[in-house]
Amino acid sequence: MKRNQKISFSMIKSLNSLKIAFLFLLLLIPCFKLNAQAGKDNFDKLCATCHTITSKNLVGPGLAGVADKQSEEWLIKWIQNSQEFIASGDEDAIKISKEYNDVPMPAFPQLSEQEIKDIITYIAENGVADAGASSASAGGSAGTSGEDGGESLFGEYGFWFFLTIAVMGYILFRIRRKTKLALNHMGYNEENPHKVPNYLFLFVVYVGIAGLLSWFIVRLLEQDYGMINQLSFIALPYLSFGVFLIGSIYRYKNMGFKVSSLSTEFLEGNKLFWGSQAFHWSILILFFGHLIAFLFPASILAWNGSPVRLLILEFSAFAFGLTALFGVVLLIKRRLSTKTLKVVANKMDMVVYTVLLTQIISGLGVAFFVRWGSSWFSSVLSPYLASVFSFNPDIAAVSEMPWLIQLHIISAFVIIGIIPFTRFVHFLVAPIDYLWRRYQLVIWNWNPKRIRTSYRWNFGKKPRNH
């Protein structure tokens, strides 16, 4: 028996070694860096939110052929300070401003004339008049994937190599799990059944996997590889909403007592208060802000017509995003550092924290690096979501957005999809009726004076024990 037990444990150790080797192999996958072109970095950072290098319009006009339409001197003045240029009375500047509902283009006084010329050169060399041609999306690179072996993301077989590694990893994971279950059934596993997993290690691993997947998806999106846009912005939304609807109904009907957040307030309250308040209020405000931009896009664009109002909206959203990040970091620290909470934690909690971090950080990245999120949301994402809900998805505009915005959208759909399997499901049974329910009237029937002066041990009629 002992010999078989040693063999079984050596088998588990071997499988653990295979899993570690697999993770190490994933880390060795090279990050191929695309060749930078002059002006591309500034375009991606400053211009790609509102413009494409094709003829497709986003918040502003598509820039394909812009160097042929206007002189270089005119473009430099417009880019450095469009509002000042409009105020000078230039007819073309006024016409463009009116055509796009007087949405102000931010000034870029920090750009030198040479940097602006580099941007114009980049657009002239890479822009195409037809948005359906093989140019890169805004924030991406020119050319379709696979055309140039030197700039190809993974080469001819890179995608399939990565997919093969992922499948092998999943198979090894299943083999290890089945082996462990078999050993438990035979009584060979002497592990403590009450042992608490190392959730800190699991969280770090999940964050690493999320970072690797994000990098992989971003590279595919930048290369417009295969059907990645259709999978990300058509298949994923419907899959997420379907899983959310069916999974929530199933969990409510079959596991009704688990439709909650499994509150741990009685186990620890101080850290929970500061983390929960900061996180929940910030997320609620940001959610309703997104909802208003979706329902009333024209009103948001009209509000953003004033640079001061635009800055107020952007800075407010960024502040609430930072507060949400602060809150979720406190909640993660609380969950990983409090011993009484580790006992009631589970692996899906680590998944929840990982996805939340991805969503919040990508949102802050959009606000800080891409900017004017309220305008692009109203101009691009609102029509896209309306097309999804009307079962006629139009992904042309959203496919042209910078990768930070695309990653933010994808992580939002992932959150919707995992709701039935995590603590997220508790919002479906939130006690909203407490807002309008009447106060409960509690009447104390005992005479307080008599209670204070009485020497009796029992009051009222003694209960009868049956």
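Checked against a 25 Å cut-off, the cross-linked pairs 178/253; 178/339; 178/347 give Cα-Cα distances beyond that limit for 178/253; 178/339. For residue 277 and residue 440, the difference between the fully extended length at 0.36 nm per residue and the C-alpha to C-alpha distance is 56.1 nm. Note on the range 366-409: Cα-only Rg and Dmax are 10.5, 33 Å. Working ranking of peptides 237-250, 257-270 by packing, defined as the average number of other Cβ atoms within 10 Å per residue, highest first, is 237-250, 257-270. In this label model, residue 316 and residue 396 are separated by 3.4 nm, measuring between points 7 Å along each Cα→Cβ vector.
Taking R0 as 45 Å, what FRET efficiency do you get between residue 41 and residue 292 from their Cβ-Cβ distance, rounded to the nearest 0.05?
Numbers: r = 33 Å, r/R0 = 0.74.
Here the calculated transfer efficiency is 0.85.
Sort 358-370, 278-290 by the packing proxy (mean of other Cβ within 10 Å over each peptide's residues), most packed first. Display every interim value, and only then the final one.
Details: 358-370: 20.2, 278-290: 16.5.
Final packing ranking: 358-370, 278-290.
Taking the accessible area of the range 344-422, probe 1.4 Å, and keeping the other protein chains in place, the carbon and sulfur fraction comes to 74%. May I ask for the net charge around residue 394, where only other residues with Cβ less than 14 Å from the Cβ of residue 394 are counted and Lys, Arg are +1 while Asp, Glu are -1? Taking every Cβ under 14 Å from that of residue 394, the sum is 0. Each other residue within a Cβ distance under 12 Å of residue 124 adds +1 if Lys or Arg and -1 if Asp or Glu, for a net charge of -2. Per-residue Karplus couplings for the range 325-334, computed as 6.51 cos²θ - 1.76 cosθ + 1.60 with θ equal to phi - 60°, are listed in order as 5, 4, x, 6, 5, 4, 5, 5, 4, 4 Hz, Gly and Pro entered as x. Peptides 74-85, 340-351 ranked from most to least packed give 74-85, 340-351, packing being the mean of other C-beta atoms within 10 angstrom over each peptide's residues.
Quick one: accessible area per residue over the range 224-303, 1.4 Å probe, rounded to a whole number of Å²?
Numbers: 5510 Å² over 80 residues.
For the range 224-303, the solvent-accessible area averages 69 Å² per residue.
Determine, from the Cβ-Cβ distance of residue 253 and residue 386 and an R0 of 25 Å, the FRET efficiency 1/(1 + (r/R0)^6), rounded to the nearest 0.05. Calculated transfer efficiency: 0.20.
Measuring how big the range 294-366 is from its alpha-carbon positions, Rg and Dmax come out at 17.3, 53 Å. Given their separation in residues at 0.36 nm each and the Cα-Cα distance between them, residue 90 and residue 265 gain 56.7 nm when the chain is fully extended. Residue 316 sits among other residues whose Cβ lies under 15 Å from its own Cβ, and their net charge, with Lys and Arg +1 and Asp and Glu -1, is +1.
Cβ-Cβ distance of residue 429 and residue 100, R₀ of 56 Å, FRET efficiency by 1/(1 + (r/R0)^6): the value works out to about 0.80.
The values are calculated or read from the model by the stated rules, or taken from the named source; none is laboratory data. Just so it is clear, the model here is predicted, and its values are computed rather than measured. Cβ coordinates were reconstructed from backbone atoms using ideal geometry, including for glycine residues, and neighbour counts include every protein chain displayed. The accessibility values were calculated without ligands, DNA or RNA, using every heavy atom of the protein model including side chains. Shrake-Rupley method; radii C 1.70, N 1.55, O 1.52, S 1.80 Å.
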